[in-house]
1. Quick one: how many residues across segment 222-258 are out of contact with any strand residue (DSSP E or B) (no Cβ under 7 Å at 6 or more places or on another chain) and under 13 Å from residue 167 (Cα atoms)?
2. Check segment 312-328 and report whether any residue there is surrounded by fewer than 21 Cβ atoms within 10 Å (Cβ to Cβ) and at pLDDT 95 or above.
3. Check residue 403 against each of (1) part of a loop (DSSP other than H, G, I, E, B); (2) touching a helix residue (DSSP H, G or I) at 6+ places or on another chain (Cβ under 6 Å); (3) at pLDDT below 95 and name the one condition it does not meet.
4. Please tell me if residue 196 is at positive phi, surrounded by fewer than 18 Cβ atoms within 10 Å (Cβ to Cβ) and not in a helix (DSSP H, G or I).
5. Could you go through segment 248-262 and let me know if any residue there is free of Cβ contacts under 8 Å to residues at least 60 places away in the same chain, under 22 Å from the mean Cα position of the chain (by Cα), buried (at least 16 other Cβ atoms within 10 Å of the Cβ) and outside any strand (DSSP E or B).
6. When you look at residue 377, is it in a strand (DSSP E or B) and buried (at least 21 other Cβ atoms within 10 Å of the Cβ), yes or no?
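The values are calculated or read from the model by the stated rules, or taken from the named source; none is laboratory data. The model shown is predicted, which means the values in this text are computed figures rather than measured ones. Quick reminder, even Gly has a Cβ in these numbers, built from the backbone with ideal geometry, and neighbours come from all protein chains shown.
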């Protein structure tokens, strides 16, 4: 069956007309059938220009700086799963993989389960392997992915996935357990959900040259699917617990900083809701070093809020998607949030610089891929950067043209 036979003709025509950017290869990555470990699956010769931060420093450094890179939703609709299982997901995201691998800590939101052998409703079936079968491995409205996607994320440089989102319970309590097991098997860490019989430990600590960072993730809902074992931390229902966790980690002398990763907001709206803004303010006041959100499927503003002890807290209301097939318009334009973090004079970590790299989820003659154009690209190639400059002005970190 032709992979694109089910796509609308207008969408396919547009995808075929897309021009590749100056930082990419002259053609789409070759169909290899598997990810090329260490290269993100793309051609080895792709160059990577350093990000260029436009925003002035938020806070002063008194020690080594590390880079945190955060991308949005890994939301694999039917077409993306079918293609990724065939050619390797590294061929879809090989351009951003260069920047993920260069970061000290890279984070992505795993939007859905990765639960082998589980169908919607919890039925246990023979596992079909890495194929889109529509029973075990499914797309909208209840997502479940073969764990090969986790291994490909790890090969791309991702270290940590958030598992608190509105699709976290798409395979029920057992699906959460299996997903967390597969995440660990792939060499990744997870934050935002816990095994069914475990304590509600929703903090992931990670050592770095700038000190130990605590990561906390939460979701605004689980799409009405029951969470009988309370495996997912909820941003609003469990707000008191969330803020208490932040304050506890801030008060711990073994922790240098706290990064909160909320799944919140309203889909397809480029401005944060009053509820998002209020929670962001509460998290900053509680001592969060940074707040980086997902869920709306579009980029929302970057902002600087007053934190504790005179520091400034970086807030990214939404990075948008990372990989998803959600049509044209704002949902195809995405941000990789870059946060350079360092110790301050009081020993606590702060965000020194914050910025975004604009990405474009494109449809090409060989399938979907994530495209990064150089700073100032013109025409179609520059649309993602132009859009992000409008939504999050002053925070561009778009790299220059390769070799420029």
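1. 5
2. Initial filter on segment 312-328 (surrounded by fewer than 21 Cβ atoms within 10 Å (Cβ to Cβ)): 312, 326-328.
Filter again for at pLDDT 95 or above, leaving 312.
Scanning segment 312-328, I find at least one residue that is surrounded by fewer than 21 Cβ atoms within 10 Å (Cβ to Cβ) and at pLDDT 95 or above, so the answer is yes.
3. Failed condition: (2).
4. Details: at positive phi: no; surrounded by fewer than 18 Cβ atoms within 10 Å (Cβ to Cβ): yes; not in a helix (DSSP H, G or I): yes.
Spelling it out, it is not the case that residue 196 is at positive phi, surrounded by fewer than 18 Cβ atoms within 10 Å (Cβ to Cβ) and not in a helix (DSSP H, G or I).
5. Within segment 248-262, not a single residue is free of Cβ contacts under 8 Å to residues at least 60 places away in the same chain, under 22 Å from the mean Cα position of the chain (by Cα), buried (at least 16 other Cβ atoms within 10 Å of the Cβ) and outside any strand (DSSP E or B).
6. Details: in a strand (DSSP E or B): no; buried (at least 21 other Cβ atoms within 10 Å of the Cβ): yes.
It is false that residue 377 is in a strand (DSSP E or B) and buried (at least 21 other Cβ atoms within 10 Å of the Cβ).
Per-residue answers, yes or no, for (1) within 25 Å of residue 52 (Cα to Cα); (2) in a strand (DSSP E or B); (3) under 13 Å from the mean Cα position of the chain (by Cα):
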position	(1), (2), (3)
279	no, no, no
300	yes, yes, no
305	yes, yes, no
317	yes, yes, yes
322	yes, yes, yes
337	yes, yes, yes
340	yes, yes, no
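To keep it simple, each residue is scored yes or no on (1) at pLDDT 95 or above; (2) within 27 Å of residue 312 (Cβ to Cβ); (3) surrounded by fewer than 23 Cβ atoms within 10 Å (Cβ to Cβ); (4) within 24 Å of the chain's Cα centre (by Cα).
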residue	(1), (2), (3), (4)
42	no, no, no, yes
47	no, no, yes, yes
50	no, yes, yes, yes
85	yes, no, yes, yes
109	yes, yes, no, yes
119	yes, no, yes, no
132	yes, no, no, yes
